[in-house]
Structure formats: structure tokens, C-alpha cells
1. Under 7 Å by Cβ, and 6 or more places apart or on different chains, what pairs join a residue from segment 259-278 that is in contact (Cβ under 8 Å) with a residue 40 or more places away in the chain with one that is hydroxyl-bearing (Ser, Thr, Tyr)?
2. Could you please tell me which pairs satisfy a Cβ distance under 9 Å, a separation of 6+ or placement on different chains, a first residue in segment 154-182 that is part of a loop (DSSP other than H, G, I, E, B), and a second residue that is charged (D, E, K, R) and crowded, with 20+ Cβ neighbours inside 10 Å?
3. Could you list all residues from segment 95-119 that are of a type in the set (Val, Ile, Thr) and either in contact with a Pro (Cβ under 6 Å, 6 or more places away or on another chain) or part of a helix (DSSP H, G or I) (or both)?
4. Failed condition for residue 45, given (1) assigned by TED's automatic domain parsing to the domain that holds residue 258; (2) at pLDDT below 90; (3) in a loop (DSSP other than H, G, I, E, B); (4) more than 16 Å from ligand 2 (Cβ to nearest atom), with all others met?
5. How many residues does segment 262-280 hold that are within 16 Å of ligand 2 (Cβ to nearest atom) and closer than 20 Å to residue 77 by Cβ?
6. Please go through segment 78-126 and give me each residue that is touching a residue at least 24 places away in the same chain (Cβ under 8 Å), within 14 Å of residue 139 (Cβ to Cβ) and open to solvent by 10 Å² or more (accessible area, probe 1.4 Å), ordered by number.
7. Quick one: residue 112 ticks every box in (1) under 26 Å from the mean Cα position of the chain (by Cα); (2) away from ligand 1 (no atom under 16 Å from the Cβ); (3) over 25 Å from residue 175 (Cβ atoms) bar one, so which box is it?
Amino acid sequence: MSKPVYRCTACFAELKQWQGQCLKCKEWGTVKEVSGSSEGRGRPSPGAANLPTYLEDLAIEQDRKVSTGSEAVDSLLGQGIPPGSVLLLSGEPGMGKSTFLLQLASRLNQMGHKGLYVSGEESLGQIRQRSERLGLLERGPLFLNTTSCDDILAVLEKSSPAVVVVDSVQTMHAGSAEGIPGSVSQVRAVSSLLVEAVKRAGIVLFLVGHVTKEGQIAGPKLLEHMVDTVLYLEGDKQHLFRIIRVVKNRFGPTSNILVLKMMDSGLQIVNDPSTFFLEARDPSLSGTALIMAREGHKSFVIEVQSLVSRSFLTMPRRTALGLDTNRLNLLLAIAEKKLSLKLGQMDIYAKIGGGLKIEEPSLDLGLTAAILSSYFDRCLPEKGVFWGEVDLNGQVRPVVGHEERLRQARMLKYRPIICPAGPGSREEDADRDLILIRNILDLPQKLFGKKP
Ligand code: TYD
Ligand code: MG
């Protein structure tokens with residue numbers, strides 16, 4: 001039998017026993033027994049008015065997060081996944097969403113978290129082949145091939161799994177809503193039915209969502225609001241690597257990333273991504289510079305390439321791959337003005353190696369160095385690494401994560417390290433291995449011993 005619960009009618013505090021005076025608000029004669037226990041969670045009993053409560057009265061839920069069995073995936077999500085949470089994994093077709101979730105659901109199942117993988121995209125035969133190839137056939141989760149949301153709800157009732165994957169939300173159809181699968185009304189209906197069912201039963205739900213060409217999750221933005229965690233799986237299909245980015249997380253950190261490699265045996269976690277993106281690099285060529293980039297809490301080295309060549313067009317070309325064209329144009333204008341480069345008659349191309357996309361401003365200094373390197377046809381120091389934001393007046397400014405980048409660059413034995421002064425690198429620390437730059441005016445001299 002549940003214990004009686006007492007509540008102050010003045011301040012709504014919940015008390016373990018009856019008192020003449022409320023311990024919280026010190027009012028007399030306001031403590032009353034409330035029928036039906038709220039199970040000590042400060043939550044009103046069903047049927048009772050929904051009353052406010054003090055957070056300190058709220059019993060903290062035991063840490064019941066589901067571990068994925070992989071330290072890297074757990075820490076990406078915030079030390080595991082709370083039961084009853086809904087995660088949306090979105091990405092372009094062919095990125096590896098189904099592969100990732102098949103691997104995850106199989107691992108969770110092997111660890112005793114009963115899984116159900118619902119596919120509306122592939123037949124069970126196709127999934128079987130893939131599972132077999134990935135060595136996940138034994139002790140795998142239950143599979144269901146359907147596009148009916150009602151089918152899924154019926155199976156959830158019967159088989160009560162701990163983890164469910166629905167691949168994809170755009171292929172599912174709810175009888176209660178109008179429209180074809182993938183339409184706004186269907187996506188909304190399907191996801192709200194599934195979210196409600198898993199919240200009630202404490203099941204972890206992974207929804208797969210496709211993104212459109214413009215990079216948005218197909219279907220309403222509402223889908224992102226309805227789920228607890230939004231993950232983006234990104235990468236370049238021509239390259240091996242993939243990144244999972246946490247863009248929303250109600251239960252843990254955002255801004256985390258996980259770097260993965262697509263192999264014949266499925267997606268593999270890259271535990272140390274610090275030099276992974278360099279692949280086969282030839283440092284003896286001009287026009288390439290290394291950048292210490294930073295995503296989430298990870299720093300890694302990437303290559304930025306530039307090609308400056310005489311143009312035969314009336315409107316010389318400016319092309320940027322993996323970085324913002326505006327940023328390139330801005331840096332070219334600064335270089336033209338401050339370093340007196342003659343760029344007006346040049347075609348200029350810039351590209352991030354490995355097919356990565358980089359948006360952070362720390363790219364500026366290295367990109368400027370790569371442009372100079374190609375312009376003068378002089379290669380940069382083989383193990384040199386750059387970071388720093390360049391202002392419109394040519395000043396080089398420190399960027400977020402300066403100390404961490406410095407630590408990482410030193411650990412990986414990059415030298416010289418060329419960056420602005422910042423926390424952990426004062427002017428007096430500068431030496432042959434650490435070149436501190438205040439303005440890009442100094443860059444040609446420091447790199448090639450030239451005055452602009
Ligand atoms: P998939 O998981 O089907 O992508 P999504 O569900 O996001 O559309 O996988 C996409 C690609 O990955 C597919 O074209 C083949 C490739 N792949 C591998 O290279 N190795 C593998 O082990 C697997 C399963 C897939
Ligand atoms: Mg798929």
C-alpha cells in the first residue's frame with residue numbers, strides 16, 4: 001500500500017508527515033493529507049489538480065541511463081541515453097544512418113537491451129545481408145518491415161523492447177492523419193504517436209530523418225522540437241570519414257562530435273581524429289597549409305589548399321569548396337590591400353582537404369598563408385600549423401579554444417606553430433617553434449623572409 005502524502009495548501013510543499021505548521025511557509029493549519037501517493041516525486045496523483053512543487057522536494061531519478069557499450073558514443077550523448085528519450089538521427093541519403101543504427105541496436109541488444117529495428121525503406125532480406133556482412137547476425141534485435149505506424153504501436157505493446165529504431169520517419173504512415181508518407185501532416189502525426197508511446201513505456205527511440213538538398217530535415221521543423229536529441233550525420237560520400245554532430249540535447253552536452261570511418265565492416269569510431277583528415281598529403285607543394293581546427297571539444301589538423309593562377313577570363317574565378325566563398329573574398333580583399341598582392345587578374349580557388357566543411361574563423365590565417373604560398377609559389381614549413389581570425393584591417397585575433405589547440409599542436413609536434421598571442425602563449429614565449437603574429441602584414445616576412 002502506498003504511504004499517505006501531506007501537502008501544504010498555502011505553498012504546496014510536500015511533507016512526509018502531518019504537521020500543525022508547514023515547515024516551508026510556516027503557516028498554521030494548512031497541511032492536509034492528499035489522497036493517493038505521488039510516489040515521493042512531488043507529482044500530483046492522477047485526477048488531482050496539477051500542483052506546483054519545490055525542486056528540492058523532488059526525488060532525483062536514479063541514474064538509469066542506458067549505456068551503448070561504447071565510451072565514445074556514450075560521451076557524445078552525455079554518458080548514455082535516458083530511457084524514454086527520443087533521438088533523431090538525420091543526414092543525407094547514403095551517409096550511413098541505417099548502418100550506424102543497425103550497429104548500435106545490435107550492440108545494445110547483445111548487452112541485454114532488447115531492441116526492435118523497424119525499416120520502411122529496406123526489405124528484411126536486404127537488412128539480413130547487411131547484418132551478416134557486418135557480423136551482427138547473431139543475437140541481433142527483432143526486425144519489422146512496415147510503413148504503418150499502427151503496426152509499430154501494436155508491436156511495442158506486445159514485445160516491450162528497450163530500444164526502438166524507426167528507419168525512417170518519412171516512410172511511415174499513420175491511419176489517423178491525412179496525406180502521403182513524408183508529408184508534413186504525416187511526419188507530425190507519426191512522430192507524435194511514437195513519442196507518446198515510448199515516453200509512456202520508457203523506451204529509447206531512434207528516429208531516422210532524411211535531409212533535403214538544402215540541408216534541412218525533410219518535414220516540419222517541429223520534428224526537431226518534439227525530440228530530445230538531434231544528431232546530424234555528415235560527411236562526404238567520396239571520402240571515408242563521417243562526423244556525428246549533436247545539435248540539440250536535452251540530457252547532455254551539445255557541440256560534441258564523433259568522428260567515424262566507413263569501412264567494409266561498417267562504421268568505425270576514430271578515437272584519435274587529430275591527424276585523421278590529412279590522409280595522403282604532399283607537403284612539398286606550394287599552396288597548402290595546415291590548420292588546427294576545432295569542432296565541439298575536439299581539435300584536429302586539416303589541410304587547406306589554395307591555387308592562385310593567372311586568369312584568362314574577364315571576370316576571374318573565385319571558388320571555395322568546404323568553406324564560405326564570402327570568407328575567401330574577404331581575405332583576398334584584405335591581402336590585396338594590406339600585402340599589395342595583385343590578385344585582380346588571378347583565378348583563385350580554395351578548398352578544405354578530405355571533403356570537410358569548416359566554418360570557424362580560425363581558418364583565416366592558414367588560408368591567407370596558403371594563398372600567399374601559391375601566389376609566390378613557395379611551400380610552407382612541412383610541419384607548420386596555423387590558426388587565427390583575420391580582421392578587416394589585417395589584425396590577427398585569437399580564437400576560441402586557443403589553449404587547447406596549442407596543447408594539441410605541441411603534443412603532435414607541429415612546428416612552427418603560427419598563431420596570434422592568446423591565453424597560454426604570450427609574446428615573450430615566442431621562439432623558433434612558436435611564431436606569434438599580430439597582423440598579416442608580418443606574414444610574408446615570417447614565412448618566406450620577404451617584405452610585401
Ligand atoms: P546506409 O547506412 O544505407 O546510409 P543511409 O541509411 O544514411 O542512407 O549506408 C550508405 C552507404 O554506406 C552505402 O552506399 C554503402 C556504404 N557502406 C559501406 O561502405 N560499408 C558498409 O559496411 C555498409 C553497411 C555500407
Ligand atoms: Mg537508410
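1. Matching pairs, first to second residue: 266/99; 267/99; 269/70; 274/299.
2. Here the result reads 168/97, each pair linking segment 154-182 to a residue that is charged (D, E, K, R) and crowded, with 20+ Cβ neighbours inside 10 Å.
3. Looking only at segment 95-119, we keep the residues that are of a type in the set (Val, Ile, Thr), and these are 99, 118.
Answer for segment 95-119, where residues must be of a type in the set (Val, Ile, Thr) and either in contact with a Pro (Cβ under 6 Å, 6 or more places away or on another chain) or part of a helix (DSSP H, G or I) (or both): just 99.
4. Just one mismatch for residue 45, condition (1).
5. Of the residues in segment 262-280, the ones within 16 Å of ligand 2 (Cβ to nearest atom) are 262, 266-267.
Narrowing the set further to residues that are closer than 20 Å to residue 77 by Cβ leaves 266-267.
Matching residues across segment 262-280 total 2.
6. Within segment 78-126, 103, 107, 109, 110, 111, 113, 114 meet the criteria.
7. Unmet condition: (1).
Residue by residue, here is whether (1) within 16 Å of ligand 2 (Cβ to nearest atom); (2) open to solvent by 60 Å² or more (accessible area, probe 1.4 Å) holds:
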{"site": "245", "(1), (2)": "no, no"}
{"site": "257", "(1), (2)": "no, no"}
{"site": "260", "(1), (2)": "yes, no"}
{"site": "282", "(1), (2)": "no, yes"}
{"site": "290", "(1), (2)": "no, no"}
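The values are calculated or read from the model by the stated rules, or taken from the named source; none is laboratory data. Computed from a predicted model, the values in this text were never measured in an experiment. With ideal geometry, Cβ positions are generated from the backbone for all residues, glycine too; neighbour counts draw on all protein chains shown. Ligands, DNA and RNA are stripped out before the accessible areas are found, and what is left, the full protein with its side chains, is counted by its heavy atoms. Shrake-Rupley method; radii C 1.70, N 1.55, O 1.52, S 1.80 Å.
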